[in-house]
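Data block below; observations after.
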Amino acid sequence: MSTSTTDNTADNTATPAPETFEYRAEMKQLLHLIVHSLYTHEEIFLRELISNASDALNKVRFRLLTDRDIVDAAAEQRIDIQLDEKEQTLTITDTGIGMTREDLISRIGTVASSGTQAFVEELKKKKDGPLNAELIGQFGVGFYAAFMVADRIVIDTRHADPDSTPLRWTSDGAGSYTIEESDRAARGTQITLHLKEDKDEFAKTWRIQSIIKKYSNFVDFPIHVDGEKVNTVAALWHRPKSELKEDELAEFYKFIASDSERPLGHLHLAIEGVVAFRALLFVPKKAPQGMFREDFEHGLHLYSSKVFIQDDCKSLLPEYLRFVRGVVDTSDLPLNVSREATQHSPVMAKIRKTLVSKLLGMLAEWAADEDQERFNTFTREFGPLFKSGLSSEFEHRDELTELIRFESTHNREAGEKGKMTSLAAYVDRMQEGQKAIYYILGDNRQALERHPSLEYFRANDIEVLLMTDPVDAFIVPGIPKYKDIELTSVEKSDLKLDDKKKKGGLSKKEAGKLIDRIKSVLGDRVEDVAPSERLVDSVATLVTGKAGMDAQMERMMRMMDENFTGAKKVLEVNMRHPLMKNLAALRSQPGRENDVEAAIEQIFAGAQLIEGTLDEPETLVSRMTELLVQATRPDAEASETEA
Ligand code: ADP
């Protein structure tokens, strides 16, 4: 794409005098954009140069497998960076494959890299329109990124072919470049950046070392800065599974996750297919701090052939797996791919899909372990976040559902999280004829266990899931059924329970009359009043009407919206309770209307109290005091009312 000002560009023989080549128009535009620093992280130029050097070294390594007849066949394969603060230069030298004259023209002088090529195509299309500065951010510019920090670049290079000529390429990144013969006889490439005046930081050792640690720590070849080796950690994910030792993996994990503990477990993948990638993923032992915060830094590190591209690459895993740490390395993405481009990349989507299914597979294996310890730790640390995936995960929904755990009335003594139950285990324990998987939502186990709505279930030995995680209220509506069995809240008013111990209640007629009386006292404070099937010891409970939400759900809605008013509730009353029998008898006695009314108010307030919706506890207490005054009168006429 560059045009030579001389006539003999097709001729491969070197000319002694420097030859000048003019950059093409769009290349000039590109250079202009680069120089006027459209990148926010100009330090990435070093990553680009090291990556090129590493590629060149790989080529030599490969060639040496079959051909020892090359320049400096015995030279160590390495990358050297020399910094000169006085001269303001940064020189990077590799013993790689080197470049021919043809390479310098068609690969360096021309836009060769795929990212830059695409960018130039965009530039061409937009020729007449205004240049979009953001556009460049979507592409990478490879070697030319160095012009962000340098105003003159000299490349000395000698190709590995034994008869190759050493060459020197020079450019100021503006209009043109020159090529001439040089006297540097060593194999490989040496690139000297003459740093811009305000870019002197890139001649400082500590600065360069820290950039290398960040971007190029896993590069396969030793990188020396002023003689000192900088990169230390090997790219473990490229090694065969069988070779990796637990200790090595733990050290690697600690390094990338900045954790002081060993991981709970890891997953090592080498996938060949439509998209080829390698991955090394870890589940930490402890939930990291701030895991639920919105600004929690998470996501995997993305590499392309061992060269770092991005950290917190969020598009590789769904939010509910945000605690997973590790690296993904794919050569199916260009090195220069921008953050924005990765978000919409089909390559990333394919990787993500595989990662999710492999991770869920690994967790399923943990869950199937005889010793549940690992899975229990996982559930304790990550359960709530993990569960929340049910509201967003559609593709792997079934696998996910199998892996979530709930507290339950079954393992009563277990209590603490970690001994929770799966839906599958619940179903295994279901009673004959049991029609639904029952659950109750609430804040904590102790309170829920005493909840009046559970009395029937306790009396009949039917297990109820105790949903005490705050997220449960949000995910439960997302699992209407498990294996065709409905999940049903025990607080629903239309539960169809058949009570095996139904006896000793009020007659239908008596009950009907009492219910009418209660309705007239409570008026429109309740949706309805109904005889209860679920109560055994308690006298009354508030349950959700057909259209309403569970109490816990309403509580959460109120937390988010002060003005939220839930639907009215149904008051269910226990017709077998002695208090109801008393009231039924008292109802028709003249002069006792106030006592009946006070009792009904008290019953209603008590049900509200348990539900957590009682607004005025003072009224309840003063009414109770009044009742106690009567009940404790020494000349107790009260004994008359005893049934
Ligand atoms: P990309 O690396 O994406 O292809 P670059 O602009 O960074 O784009 O480099 C263009 C080409 O120049 C490379 O593909 C390679 O052929 C050549 N090149 C760059 N640096 C070196 C080097 N140190 N040794 C050998 N060849 C190099």
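Values computed for the structure shown
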{"quantity": "Top-ranked residue of segment 364-399 - restricted to ones that are surrounded by 21 or more Cβ atoms within 10 Å (Cβ to Cβ) and without any contact (Cβ under 8 Å) to a residue 60 or more places away in the chain, ranked as farthest from ASP312 (Cα to Cα)", "calculated": "PHE375"}
{"quantity": "Selection status of PRO162, within 29 Å of ALA74 (Cβ to Cβ), surrounded by fewer than 20 Cβ atoms within 10 Å (Cβ to Cβ), within 15 Å of the ligand (Cβ to nearest atom) and not hydroxyl-bearing (Ser, Thr, Tyr)", "calculated": "no"}
{"quantity": "Failed criterion for ALA341 (all others in (1) under 16 Å from LYS214 (Cα atoms); (2) open to solvent by 10 Å² or more (accessible area, probe 1.4 Å); (3) within 16 Å of the ligand (Cβ to nearest atom) hold)", "calculated": "(1)"}
{"quantity": "Scope segment 68-83; condition open to solvent by 20 Å² or more (accessible area, probe 1.4 Å) and closer than 20 Å to SER164 by Cα; matching residues", "calculated": "ARG68, ASP69, ASP72, ALA73, ALA74, ALA75, GLU76, GLN77"}
{"quantity": "Matching entry among SER305, SER242, SER315, SER216 (being open to solvent by less than 50 Å² (accessible area, probe 1.4 Å), under 27 Å from ASN58 (Cβ atoms) and among the small types (Gly, Ala, Ser))", "calculated": "SER216"}
{"quantity": "Residues that are more than 13 Å from ILE92 (Cβ to Cβ) and in contact (Cβ under 8 Å) with a residue 40 or more places away in the chain, drawn from segment 208-222", "calculated": "LYS214, TYR215, ASN217, PHE218, ASP220, PRO222"}
{"quantity": "Of all residues making up segment 400-448, the number that are surrounded by fewer than 20 Cβ atoms within 10 Å (Cβ to Cβ), under 25 Å from GLY361 (Cα atoms) and at pLDDT below 90", "calculated": "3"}
{"quantity": "Hits in segment 55-67 - residues which are surrounded by 22 or more Cβ atoms within 10 Å (Cβ to Cβ) and more than 9 Å from the ligand (Cβ to nearest atom)", "calculated": "VAL60"}
{"quantity": "Boolean, ALA186 is within 15 Å of the ligand (Cβ to nearest atom) and at pLDDT 95 or above", "calculated": "yes"}
{"quantity": "Residue match in segment 617-629 (condition: open to solvent by 80 Å² or more (accessible area, probe 1.4 Å), more than 16 Å from ALA540 (Cα to Cα) and not in a helix (DSSP H, G or I))", "calculated": "no"}
{"quantity": "Segment 259-278 residues that are more than 12 Å from HIS238 (Cβ to Cβ), paired with ones that are open to solvent by less than 30 Å² (accessible area, probe 1.4 Å) and part of a loop (DSSP other than H, G, I, E, B) (beta carbon under 8 Å, 6 or more apart)", "calculated": "ASP259/PRO284; GLU261/PRO284; PRO263/PRO284; LEU264/PRO284; VAL275/THR330; ALA276/THR330"}
{"quantity": "Meets criteria (assigned to a loop (DSSP other than H, G, I, E, B) and among the polar types (S, T, N, Q)) for SER315", "calculated": "no"}
{"quantity": "Pairs where the first residue, in segment 42-65, is closer than 17 Å to LEU31 by Cα and the second is among the charged types (D, E, K, R) and more than 9 Å from the ligand (Cβ to nearest atom), C-beta under 6 Å, 6+ apart", "calculated": "none"}
{"quantity": "Selection count, segment 215-239, where residues are modelled with pLDDT of 90 or more and in a helix (DSSP H, G or I)", "calculated": "1"}
{"quantity": "Of residues in segment 84-112 being open to solvent by less than 30 Å² (accessible area, probe 1.4 Å) and in a strand (DSSP E or B), the one nearest to the ligand (Cβ to nearest atom)", "calculated": "ASP94"}
{"quantity": "Residues being over 30 Å from ASP369 (Cα atoms), more than 13 Å from the chain's Cα centre (by Cα) and exposed (fewer than 15 other Cβ atoms within 10 Å of the Cβ) - total across segment 274-302", "calculated": "2"}
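To keep it simple, each residue is scored yes or no on (1) among the basic types (Lys, Arg); (2) modelled with pLDDT of 90 or more; (3) in the same structural domain as ASP516 (by TED's automatic domain parsing).
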residue	(1), (2), (3)
ASP550	no, no, yes
ARG558	yes, no, yes
MET575	no, no, yes
ASP595	no, no, yes
ILE603	no, yes, yes
GLN630	no, no, yes
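Table: residues versus (1) at pLDDT below 90; (2) closer than 25 Å to HIS41 by Cβ.
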position: GLU319; (1), (2): no, no
position: VAL328; (1), (2): no, yes
position: LEU333; (1), (2): yes, yes
position: THR354; (1), (2): no, no
position: MET362; (1), (2): no, no
position: PHE375; (1), (2): no, no
position: GLY389; (1), (2): no, no
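The values are calculated or read from the model by the stated rules, or taken from the named source; none is laboratory data. None of these values were measured; they are calculated from a predicted model. Cβ sites come from the backbone with ideal geometry, for glycine too, and all protein chains shown count toward neighbours. Keep in mind that these areas ignore ligands, DNA and RNA; they rest on the heavy atoms of the full protein, side chains included. Shrake-Rupley method; radii C 1.70, N 1.55, O 1.52, S 1.80 Å.
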